[in-house]
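Working notes for the structure below.
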Amino acid sequence: MIPLLIYVAIFVVSYFVVTKLIHHAARNDYTSLKTVTFGDESAVTPNRAASVISILSLFLLWGMFTGSVLLPKFLHMPGPFEGTASFEYTAQLPDGTRDTATVTVLVHPVDQEVTAPDVDPGDGWAKNDSASIGVWRSGLIRVDRNDELGRDEGAEVVAVNGIPIAPGGEVDTEFGRVGMSPKGTLNFEPAKGWQMEPIWLPAPEDVVKRVAEIAREGFRGSTLWEHLGYSLFRVVLGFFFGALIGIPLGYAMGLSDWFRGWFDPIVEFMRPVPPLALIPLVIIWAGIGETGKIILLFLAALWIMAIAARSGVSGVNISKVHAAYSLGASKSQIMRYVIVPNSLPEIFTGARVAMGVCWGTVVAAELVAAEKGAGMMIMVASKFQNTDIVIMGIILIGIIGFGIDILMRWAERVLVPWKGKG
């Protein structure tokens, strides 16, 4: 919740600073000549300042909550307690006699092996204790082990730092939480702060180091570029065949009532079925080799492209068709000069969605007996809790997917310059 609130605050402040306090330079493009822009999708272009601030904000939050060395320390969120902690416990005998002792705990980095500090046992029958616990961890402390009068004599802990405690209860101290198990054993959990443990979220520099390491040494016998290349090859091939069949199918459904009636139930039935649900069936039909993976990605793109093409045909302005017929155009000319150009914007939108779905499916497709691929790399790393490799794979897949999306947007601007201007 705290990262979300910080992100929202950055968004709001950035919006007012960039749009209200900083005046934009005059624009002399097509959009600047329009008198009405609200509701016109073609008039909405990305604000570059917003894009840069958005990316920097994500990395800022990532560094703040992981204690990254790339940020100055004053930007770090409070980290876990590390050092020497102490608290007092009060033990009571059946006859009401009480004694107090001190527990000293050395909280150390989890990758270091240390011994508990030496402490003076004290003069009472309840002796001082010591223990060592790793940061982000917790540990049971049998404070009665070295007491002269322990559990066998009926002694039990009744207070921590003067605050009464009972089995199942807990007391917050300056250094962390002291709880009591149902059997009366104390449990100390050092304060964790707001930063994430590296096993859950490593710092940005750790992920960058892992990228360099795998790019240099490879992963499971293959280089990083081979893994990414195999994933890209599978996605592009599956998308290509999905578009190759889906677009003509969509045109046929949009132009023929027979094709529409025949294929509409099939397309509408398969459209909401997630590609992951098809994995067992694809394995049974096509095995666990490359063919099965390509078929799964093909099915992920097929229905989206068919619906996009059908929607493109259905969205053609009928007045344009009538105008072409009145000028003597044939059906083939109507198809070439009216239907195809006016349906291309919908098809490009569907292609971008289909490519995104294929990238999301490739991870699942490479779960099945894949020896190479970004998805395989992510899944293998997750089994060994190599979170840095998992995040590395996700970032690289996202960068490649974003790059493909930018390429498709560029192709759309070049091939469909009339989009939004009709």
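The values are calculated or read from the model by the stated rules, or taken from the named source; none is laboratory data. Computed from a predicted model, the values in this text were never measured in an experiment. Counting neighbours? That spans all protein chains shown, and the Cβs are built from the backbone with ideal geometry, glycine included. When the accessible area is computed, the model is the full protein with side chains, heavy atoms only, and any ligands, DNA or RNA have been set aside. Shrake-Rupley method; radii C 1.70, N 1.55, O 1.52, S 1.80 Å.
Could you please find all residues in segment 204-223 being in contact (Cβ under 8 Å) with a residue 60 or more places away in the chain, surrounded by 15 or more Cβ atoms within 10 Å (Cβ to Cβ) and within 28 Å of Ile288 (Cβ to Cβ)? Answer for segment 204-223, where residues must be in contact (Cβ under 8 Å) with a residue 60 or more places away in the chain, surrounded by 15 or more Cβ atoms within 10 Å (Cβ to Cβ) and within 28 Å of Ile288 (Cβ to Cβ): Ile214, Phe219, Ser222. Between Gly193, Gly184, Gly179, the distinction of being closer than 30 Å to Glu88 by Cβ, in contact with a Lys or Arg (Cβ under 8 Å, 6 or more places away or on another chain) and surrounded by fewer than 21 Cβ atoms within 10 Å (Cβ to Cβ) belongs to Gly184 only. Within segment 331-368, the residues that satisfy the criterion of being β-branched (Val, Ile, Thr), in contact with a helix residue (DSSP H, G or I) (Cβ under 7 Å, 6 or more places away or on another chain) and assigned to a helix (DSSP H, G or I) are Ile334, Val338, Ile339, Ile347, Thr349, Val353, Val357, Thr361, Val362, Val363. Candidates Asp144, Asp129: the one that is of a type outside the set (Lys, Arg), crowded, with 19+ Cβ neighbours inside 10 Å and modelled with pLDDT of 90 or more is Asp129.
For segment 298-316, indicate whether the set of residues that are in contact (Cβ under 8 Å) with a residue 60 or more places away in the chain, in contact with a Cys (Cβ under 7 Å, 6 or more places away or on another chain) and part of a helix (DSSP H, G or I) is non-empty. Yes, segment 298-316 has at least one match. Candidates in segment 52-77 are the residues that are without any contact (Cβ under 8 Å) to a residue 24 or more places away in the chain and farther than 17 Å from Ala9 by Cα; of these, the one that is least open to solvent (accessible area, probe 1.4 Å) is Leu71. Counting only residues that are open to solvent by 40 Å² or more (accessible area, probe 1.4 Å) and over 17 Å from Arg271 (Cβ atoms), segment 296-316 holds 1 of them.
Please specify each residue of segment 387-422 satisfying the condition of being open to solvent by 40 Å² or more (accessible area, probe 1.4 Å), assigned to a loop (DSSP other than H, G, I, E, B) and either in contact with a helix residue (DSSP H, G or I) (Cβ under 6 Å, 6 or more places away or on another chain) or free of Cβ contacts under 8 Å to residues at least 40 places away in the same chain (or both). Matches in segment 387-422: Pro417, Lys419, Gly420. Restricting to segment 79-95, and then to whatever is farther than 24 Å from Glu197 by Cα and open to solvent by less than 40 Å² (accessible area, probe 1.4 Å), can you tell me which residue is nearest to the chain's Cα centre (by Cα)? In this case the residue turns out to be Phe87. With respect to being open to solvent by 80 Å² or more (accessible area, probe 1.4 Å), within 30 Å of Ser222 (Cα to Cα) and modelled with pLDDT under 90, Leu367 fits the description.
Of all residues in segment 212-232, those satisfying the criterion of being over 23 Å from the mean Cα position of the chain (by Cα) and either outside any loop (DSSP other than H, G, I, E, B) or of a type in the set (Val, Ile, Thr) (or both) are Arg216, Glu217, Ser222, Thr223, Glu226. Tell me, please, whether a residue that is assigned to a helix (DSSP H, G or I), of a type outside the set (Gly, Ala, Ser) and crowded, with 20+ Cβ neighbours inside 10 Å can be found in segment 250-262. The answer is yes, given that some residue of segment 250-262 is assigned to a helix (DSSP H, G or I), of a type outside the set (Gly, Ala, Ser) and crowded, with 20+ Cβ neighbours inside 10 Å. If the condition is being at pLDDT below 90 and open to solvent by 20 Å² or more (accessible area, probe 1.4 Å), then segment 149-159 contributes Leu149, Arg151, Asp152, Glu153, Gly154.
Right, Gly328: free of Cβ contacts under 8 Å to residues at least 40 places away in the same chain, surrounded by fewer than 15 Cβ atoms within 10 Å (Cβ to Cβ) and not in a helix (DSSP H, G or I) or not? Yes.
Quick one: would you say Lys209 is of a type outside the set (Phe, Trp, Tyr) and outside any loop (DSSP other than H, G, I, E, B)? Answer is yes for this residue.
Restricting Gly289, Gly246, Gly254, Gly312 to those that are over 23 Å from the mean Cα position of the chain (by Cα) and under 30 Å from Met392 (Cα atoms) reduces the list to Gly289. When Ile288, Ile284 are checked against the criterion of being of a type in the set (A, V, I, L, M, F, W, C), open to solvent by 80 Å² or more (accessible area, probe 1.4 Å), within 30 Å of Ile378 (Cα to Cα) and not in a helix (DSSP H, G or I), Ile288 stands alone in meeting it. Residues in segment 267-280: is at least one closer than 15 Å to Ala252 by Cβ and surrounded by 15 or more Cβ atoms within 10 Å (Cβ to Cβ)? Yes, that holds for at least one residue.
Of the listed requirements (1) open to solvent by 10 Å² or more (accessible area, probe 1.4 Å); (2) in contact (Cβ under 8 Å) with a residue 60 or more places away in the chain, Ile165 misses just one: (2).
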